[in-house]
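Reading through the structure tokens given below for one structure.
Each reported figure results from applying straightforward, stated rules to the coordinates on display, with no laboratory input. Worth saying up front: this structure is predicted, and the values here are computed from it rather than measured. Here the Cβ positions follow ideal geometry from the backbone for every residue, glycine too, while neighbour counts run over all protein chains shown.
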Amino acid sequence: MVLREVSLAAPLVVVFAAMCLGIVALWGDIPAGMFCLFFLVLLYDRSRIVHMGFGLVLAAGAVLFSPGWIDIPDGEYLVQGRVVESGFNRGAYRVTLDRVVVEGRTVRGHALVNIYNNVSDLGKGSVVEGRVRLRAPRALGNEGEFDYRKYLLSQGITLKGYIRDQTGLTIKKPGREKGLRDHLAAALSGYAKPEAEVMKAVLTGDRSGLVYSLRDLFASLGVAHLMAISGLHMGIVFLIGYAGSFTLFRLVPLLAGRLDTPFIAKLAGLAGVLLYTHFVGGSLPAVRSAIMVACIIVSLILSRKHHLVESLSVAGILILIWMPFSLYTSSFLLSFSAVIGITGAYHKLEDSPRWLLYIVIPVIAAAFTLPITISHFGFVSLSGFMANTLFVPWFSFVVMPLGMAGLAFFPVSDQISSLFFSLSFDTLGVIIRAAEMFGRLHPVAAPGNAWVFACYAGMITAFFSTASRMRTILLSLCIILIVAIPAGLGVYRDHQPLCFDFISVGQGDSALVTRGKTAILIDAGGSRWGFDTGRFIVGPHLLRRGVTKLDIVIITHAHTDHIGGMPFILDRFPTGEVWTNMKYDWNPDFRSVIHITQKKGIPVKNVCLGDVCHYAGLDIEIMNPQESIERRSAGMDQNLHSIALRIGDSSMRGLFMGDVEGLGEIRLCRLDRDLSADVLKVGHHGSKDSCLTMFLKRVRPSLAVVPVGRGNVFRLPNRLSLGRLHEQGITVFRTDIDGEIMIYPGHGGLQVKSMRLHADTALNR
């Protein structure tokens, strides 16, 4: 087959590919399983059947003995454990525990506990005990959404819960005193500048100070990987150890003449990698990176330069044995794809000049990570290839060595370490200034797994196979698929009929209205405890739907559960215009929206009753508020004055009520206007004052949608409003039960598609 020579030269590649196949098959991931099977076919040779079987056995053993999610009913339990890691993340103080005991029962894996009030630092190694409300993560029910439980399992976490107040937590045994890493992190935080927070993340692995604006800045330049401890950083540590020891031995002629200096220098670099991994606390990304780099270093020590791909396979096998579900993490996939690209480029350009390698290798690494970046994150930087060519060497040979020098002198001299840190901040500032000037993220419609698989099939075949007719056919097919899949999806999406897509955002509200190329977003959910629905739910959902620009964004009112996710959406997605129910509101999210619209030149329109718009075949009519509102006054009922609108075409119409209820519904009934609609988006999440009988008789909807969060503290939707809906014979869908709800016109009635299979149905109007 096409990769048969790789299989014969590096048999562990076959073991690694078989392990991947076994893990994804046991997980039930059919598309990924087909992809792994495809590569096993390319690697096939009769002499490697035993290796394939061995890989499958290793996969089965790794999955069988790895901890799975602990099936404990939601509720409050007495939990005890030892602190492995603690710190702030997304506005909450998070504690990771091992040696976990729940109500006297020892459980496997780690527990993740969020603490919200009266937080104080818990030292690493402390044994703590308290009443923890355990709650298993549940999917919101949107198609293709991020699987949070799978992510937690990939980190070894098998329980998740929270404590409202840390005073209810008892420290049974104090942990050890803060070590060098903690003191260094505190010292770097004391500089109170973004460069220091980046350097803290780079040197110590402590990312608590990396706010989203700073992460987005590096991502906009395509160099976000520089902020995480990765194979690049471990490689730099190795080079520093290697170069330092090599130079030291060369300066002493007696030692240089008696010892194998290059061999000892490589051992010194490897020792530096292991010590640095221990220093940063043995986090999963650091250990993964250390294993990868160590395997490659050992290969170099043994002079197996032509089999670096086999060393990478060894690293992959060890990591998957230790943590099989890390195969699904973006850090694992990005690290391995980058190293595969570097290995392939080195293999092809081994005899080329060094300067060419320095230019080409960062570009190839970026190309190999691009499909995963698009698939997992959805936003790319067009300057990424150039930025990696310029700033990866700058970071590797200037910024990082200065930071490591500051680390080396930190226990010895504050003045010298401060000098090196200051220099590292200044050189790192060059990257930040460049990101501010040239960085920009562009949304990319999700191309699907088939496109990602075609990209990697083509690139791996191009770099690792030898010339043959089969190779030419396979490369041609991959190129066709890489071009045809996005083009075909674009044509398909551009000819879609009107669709109301109610996104499940928890206790909040967000709906996407599409018709062909036209996309209108009504609200974007909320933001609480640092969880931004715009960033983590609505934005990725738009990209999965093929939406990369919004024609109209409608903010019904400034309550957090409707506007909280909107700043991210407006910042990342090109937008035609924004409609609001008032010109000014002191809500922080509303002010962020106005700031972004001013910065990006997006027109803002204050709408009210009587505003009518005919846009791209859609009729949009504003029903509420009754009059134009300049600014929110003290005591104003925001729900009463939120935007209600009627939107649709001849095939289907919907009435979106925002949070209008009770008195607002009565006022609408008194209007001399047509309120009829096929679909009713229920006001205020189905509160007891919504869906009045007189209002329902005017609207006469076939079905109603209630956007509401599962188990919300408000106990919505109210049984009275649900009762009135049922009395009128209206079919009700709820996002807490049915997940995402898509409604579109079909033959003879409305077609309803829910992410919960039992809700898929067709309704006659």
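Beta-bridge orientation, the chain: approximately 70 percent antiparallel, per DSSP, counting only bridges with both partners inside. Taking Cα atoms only, the orientation of helix 588-600 departs from the longest principal axis of the chain by about 70 degrees. Whole-Hz Karplus values for region 657-672 come out as 9, x, 10, 5, 8, x, 4, x, 5, 5, 4, 5, 5, 7, 6, 8 Hz, taken residue by residue from phi with 6.51 cos²θ - 1.76 cosθ + 1.60 and θ = phi - 60°; glycine and proline positions read x. The label point for residue 267 and the one for residue 483, both projected 7 Å from the Cα toward the Cβ, are 5.5 nm apart. By the count of other C-beta atoms within 10 Å, a proxy for reagent exposure, 212, 191 are ordered fewest to most as 212, 191.
Which shape class, rounded, prolate or oblate, goes with region 496-764 when its Cα gyration tensor gives a ≥ b ≥ c as root eigenvalues, a/c under 1.5 marks rounded, and past that a/b bigger than b/c marks prolate? Rounded shape, in that the Cα axes give a/c under 1.5.
Near residue 569: Cβ cut-off under 14 Å, other residues only, Lys/Arg at +1 and Asp/Glu at -1. The net charge is -3. Dipole size of region 75-177 about its Cα centre, with +1 on Lys/Arg Cβ and -1 on Asp/Glu Cβ: approximately 220 debye, rounded to the nearest 20.
Charge dipole of region 454-564 (Cα centre as origin; +1 on each Lys and Arg Cβ, -1 on each Asp and Glu Cβ, all else neutral): 540 debye, rounded to the nearest 20. Counting only DSSP H runs of at least 4 residues, each contributing -39500 (n - 2.57), and dividing by the residue count of the chain, the helix-based mean residue ellipticity at 222 nm comes to -14500 deg cm²/dmol. Taking the Cα of residue 192, stepping 7 Å toward and past its beta carbon, and measuring to each backbone N in region 426-446: which are under 20 Å? Counting only backbone N, you get 426, 429.
Of the residues 265, 155, 472, the one whose Cα sits farthest towards the positive end of the charge dipole of the chain is 265 (charges of +1 on Lys and Arg Cβ, -1 on Asp and Glu Cβ, taken about the Cα centre).
Each peptide in 258-269, 484-495, 665-676 receives the mean, over its residues, of other Cβ atoms within 10 Å, and ordering these scores from highest gives 258-269, 665-676, 484-495.
Nearest 0.05, what FRET efficiency do residue 88 and residue 450 give at R0 = 45 Å with Cβ-Cβ as r? It comes out at approximately 0.70. Rounded to the nearest 10 degrees, what's the angle between the helix 194-204 long axis and the longest principal axis of the chain, both from Cα atoms, 0 to 90? The angle comes out near 50 degrees.
Rounded to the nearest 20 debye, the dipole magnitude of the chain is 1040 debye, with +1 charges on Lys and Arg beta carbons, -1 on Asp and Glu beta carbons, and the Cα centre as origin. Across the alpha-carbon set of the chain, the Rg to Rh ratio works out to 0.99, Rh being the Kirkwood radius. In percent, rounded to a whole number, the relative contact order of region 688-733 is 57, using alpha-carbon pairs under 8 Å and six or more apart. Specify whether the C-alpha gyration tensor of region 4-65 places it in the rounded, prolate or oblate class, a ≥ b ≥ c being the square roots of the eigenvalues: rounded for a/c under 1.5, otherwise prolate if a/b is larger than b/c and oblate if not. It is oblate, given that a/c is not under 1.5 and a/b is not larger than b/c. Placing unit charges on each Cβ (+1 for Lys and Arg, -1 for Asp and Glu) gives the chain a dipole about its Cα centre, and among 647, 287, 223 the Cα reaching farthest toward its positive end belongs to 287.
Multiplying the residue separation of residue 354 and residue 634 by 0.36 nm and removing their Cα-Cα distance gives an extension gain of 94.0 nm. Taking every C-alpha pair closer than 8 Å and separated by at least 6 residues, the mean separation divided by the residue count of the chain gives a relative contact order of 9 percent.
Partners of residue 688 within straight-line reach, counting lysines whose Cα lies under 20 Å from its Cα and excluding those fewer than 8 residues away in the same chain: 697. Per-residue Karplus couplings for region 674-687, computed as 6.51 cos²θ - 1.76 cosθ + 1.60 with θ equal to phi - 60°, are listed in order as 7, 9, 4, 7, 6, 10, 10, 8, 4, x, 6, 6, x, 5 Hz, Gly and Pro entered as x. With a Förster radius of 60 Å applied to the beta-carbon distance between residue 243 and residue 170, the computed FRET efficiency rounds to 0.75.
In terms of the Cα gyration tensor, with a ≥ b ≥ c the square roots of its eigenvalues, is region 615-765 rounded because a/c is under 1.5, prolate because a/b exceeds b/c, or oblate? Here region 615-765 falls in the oblate category. Database remark: amide H of residue 100 closer than 5 angstrom to the amide H of 107 (H placed geometrically; neighbours at sequence offset of 5 or more, or on other chains; Pro and chain starts carry no H).
Count charges around residue 169 for me, please; just the other residues with Cβ under 9 Å from its Cβ, Lys/Arg as +1, Asp/Glu as -1. Residues close to residue 169 contribute a combined charge of -1. Excluding same-chain neighbours fewer than eight residues apart, the lysines reachable from residue 583 by a Cα-Cα span under 25 Å are 549, 599, 600, 605, 681. Across region 75-177, the volume of the C-alpha convex hull divided among the residues equals 104 Å³ per residue. Put simply, the amide H of residue 691, placed in the peptide plane, has neighbours under 5 Å in 662, 683, leaving out anything fewer than 5 places away on its chain.
In a DSSP loop and with at most 14 other Cβ atoms within 10 Å, the GluC sites (Glu not before Pro) in region 54-133 are 103.
The C-alpha atoms of the chain define a longest principal axis, and helix 354-377 lies at about 30 degrees to it. When only Cα pairs under 8 Å and 6 or more residues apart are kept, what is the percent relative contact order across region 370-488? Value for region 370-488: 30 percent. Summing +1 for each Lys or Arg and -1 for each Asp or Glu, what net charge is found among the other residues whose Cβ lies under 13 Å from the Cβ of residue 85? Local charge sum for residue 85: +1. Given 418, 407, 430, which one lies farthest toward the positive end of the charge dipole of region 382-495, if we put +1 on the Cβ of every Lys and Arg and -1 on the Cβ of every Asp and Glu? Checking the options against the dipole of region 382-495, the answer is 430.
Pop the C-beta distance of residue 138 and residue 252 into the FRET formula with R0 = 60 Å and round what comes out to the nearest 0.05. For residue 138 and residue 252, the calculated efficiency is 0.40. Within a straight-line Cα-Cα reach of under 20 Å, residue 178 can be paired with the following aspartates and glutamates, leaving aside sequence neighbours fewer than 8 residues apart in one chain: 85, 98, 121, 197, 206, 414.
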